[in-house]
Amino acid sequence: MLELKRNIYLTGFSGSGKSAVGEILASRLKAEFIDLDVIVSERAGKPLLTLFEEDGEQAFRMLEQQLLMEISDSVKSGNPGKVVALGGGALIDPANQKMVAESGILIWLRARWANLFCRLTDCSDRPLLHQADKLYDFIAFNRPFYEGRVPGYAHCDLVLDVDYLEPTDVATAITRMMDCQWFLTVQLGERTHTVLCDSGLLARIGQVLFQLGLLPRGLVWLITTHRLDDEKLPLTRIVREDLESTKQEVRVLRIPDGEQAKTTEEVTRIHDALLGAGTSRDDLIIALGGGTVSDVAGFAAATYMRGIDIVQIPTTLVGMVDAAMGGKTAINHPKGKNLIGAFHQPKAILIDPVLLNTSADEVFLAGLSELVKYGCIADKTIIEECEANWTDILNRPTWEERWTREDWLELSGNPWSLIPLIRKGLAIKARLVSADEREITGERMLLNFGHTFGHAFERASDYAISHGQAIALGMKASFRLGFMKGTVTSDDIARIDRLLDALAPNDLIAGLKIDSILSAIKFDKKKSREGLKVIIPIGIGSVEIAEDVGEEELSIAVEKLKSQM
């Protein structure tokens, strides 16, 4: 075992198992284990309860911070990393959060109240818990402490739900997750969840869900499409069989492919199946498919018994870099797409880039539009890497034979140049969603770059133009609006056009009437009482929200696009 280069910090509320897990993990990694509370008590020369009673919490926090600084400085000086069990409130202080982030990986061991209660009611050495003796009182007493600590927990790099896991299982999960190619968290307080991106993930989905603590005691519903469950492409069977190998009961529910599935009738059919099987809120839905499956399964999960857990396994590039993350779920209405919906965050997002080998060309190109979008709004290196590798990216590997679990494992480690771009895009979206989950402060709205024009092109063409093509065209139009406002140059437009022309040529909108496009924009969800808000580029790699954009400006931008200017 190689020595740790960074610390592994375990956080979570009292009773989540930090100390027990930490000892096992340190032993396996041949690393030093430090229980912050124990060392603080030793340095103070008194039990924690006595320290709190005699010297107050502030004295405890000062000793805690001093010790944490020593641990952080040690690994930054080149010493081996340690496994550290943080005290339940150690991350309240932003200074402590900074030290942890700079010196290691932070893992949140998350547990439900009932399990915390069962683990702690016999404990007498925890100064903030000794007053509670019943579950109701326990929750009422401790919720203020918990809510004050969640923002610190949510800064984690990985979250594990430990309710049904033994400490040895949690330690095993951590060691295996450390071997994963890439992961991050979408930091949303109690709704914080992990995103894994690892080639070959699909063939070991049961193991991964177990390690994340997400396999339920009851049913797993696998919601997918017929296309992913045939002889040539049996993705559903691969997932189902792997889940069943963990002794999990699995039921499969198939929905139509494409926008025809995004109806109230289809959601009702899902609800009927769940109710007929006696599905409870302790069970789990897995959405296996593209953006449509993410939307429909997510909306069904959000509205069934006021919310049931869901794990997203996107199979398309759009699903991976956009639809599966953020908690937006929706179905369509005759007046427009995605007008009936809810926010419902998944428990995890599991991404296997090998799945991109199975997508139809049109679906794959739609996802590339979203990746270009991330480069436009937040990271110009994505655009630079696309420009350098565009031919390789467009000529993706494909698989024509029958798929098996063994085939999948052999494809692990795909060196395809698109994979780093997927991870960059995921990191950008995770940051914006964490900052503005419900599009209140404006950060998340930046993800709608290109969508005002794009949705209008879709609607004006009666959806003859696909969503991916429409967003690509919408970004081109937005760059032309930016040029009119002086925020981009003609060279910027030319660079973006060279990428997007391969995804959506301008002549797709040649036959659309300006009046039809402007009429379609009136239904845009980003329209406020003050007027239409449009995201425009500031060079390449940054955007801003333009307020109260008028019809004449929109019309000129579209005309310039139609005339190839």
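The values are calculated or read from the model by the stated rules, or taken from the named source; none is laboratory data. Here the structure is a predicted model, which means the values were calculated and not measured. Positions of Cβ are generated from backbone atoms using ideal geometry, with glycine treated the same way; all protein chains shown enter the neighbour counts.
Note on the stretch 152-168: residues that are surrounded by fewer than 17 Cβ atoms within 10 Å (Cβ to Cβ) and either modelled with pLDDT of 90 or more or more than 26 Å from the chain's Cα centre (by Cα) (or both) total 2. Close Cβ contacts (under 6 Å, 6 or more residues apart or on different chains) running from residues in the stretch 290-316 that are outside any loop (DSSP other than H, G, I, E, B) to residues that are among the hydroxyl-bearing types (Ser, Thr, Tyr) comprise Asp295/Thr329; Gly298/Thr329; Phe299/Thr329; Ala302/Thr329; Gln312/Ser294. Somewhere in the stretch 226-239, is a residue closer than 23 Å to Leu368 by Cα, part of a helix (DSSP H, G or I), in contact (Cβ under 8 Å) with a residue 40 or more places away in the chain and among the charged types (D, E, K, R)? Looking for residues that are closer than 23 Å to Leu368 by Cα, part of a helix (DSSP H, G or I), in contact (Cβ under 8 Å) with a residue 40 or more places away in the chain and among the charged types (D, E, K, R), one finds none in the stretch 226-239, hence no. Answer yes or no: is there a residue in the stretch 209-227 that is hydroxyl-bearing (Ser, Thr, Tyr), under 21 Å from Ala301 (Cα atoms), buried (at least 18 other Cβ atoms within 10 Å of the Cβ) and within 15 Å of the chain's Cα centre (by Cα). Checking the stretch 209-227: not a single residue is hydroxyl-bearing (Ser, Thr, Tyr), under 21 Å from Ala301 (Cα atoms), buried (at least 18 other Cβ atoms within 10 Å of the Cβ) and within 15 Å of the chain's Cα centre (by Cα). Taking the stretch 444-453 as the range and being under 15 Å from Lys328 (Cβ atoms) and either surrounded by fewer than 18 Cβ atoms within 10 Å (Cβ to Cβ) or among the hydrophobic types (A, V, I, L, M, F, W, C) (or both) as the test, the residues that pass are Met445, Leu446, Leu447. Of all the numbered requirements in (1) within 15 Å of Leu10 (Cα to Cα); (2) assigned to a helix (DSSP H, G or I), Arg176 misses one, and that requirement is (1). Number of residues in the stretch 103-148 that are at pLDDT below 85 and either of a type in the set (Ser, Thr, Tyr) or assigned to a loop (DSSP other than H, G, I, E, B) (or both) equals 15.
Taken together, the residues in the stretch 436-482 that are out of contact with any strand residue (DSSP E or B) (no Cβ under 9 Å at 6 or more places or on another chain) and of a type outside the set (Asp, Glu) amount to 21. The selection criterion, being buried (at least 16 other Cβ atoms within 10 Å of the Cβ), modelled with pLDDT of 95 or more, β-branched (Val, Ile, Thr) and assigned to a helix (DSSP H, G or I), does not hold for Ile419. Within the stretch 23-48, the set of residues being of a type in the set (A, V, I, L, M), buried (at least 16 other Cβ atoms within 10 Å of the Cβ) and part of a helix (DSSP H, G or I) comprises Ile24, Leu25, Ala26, Leu29, Leu36, Ile39, Val40, Ala44, Leu48.
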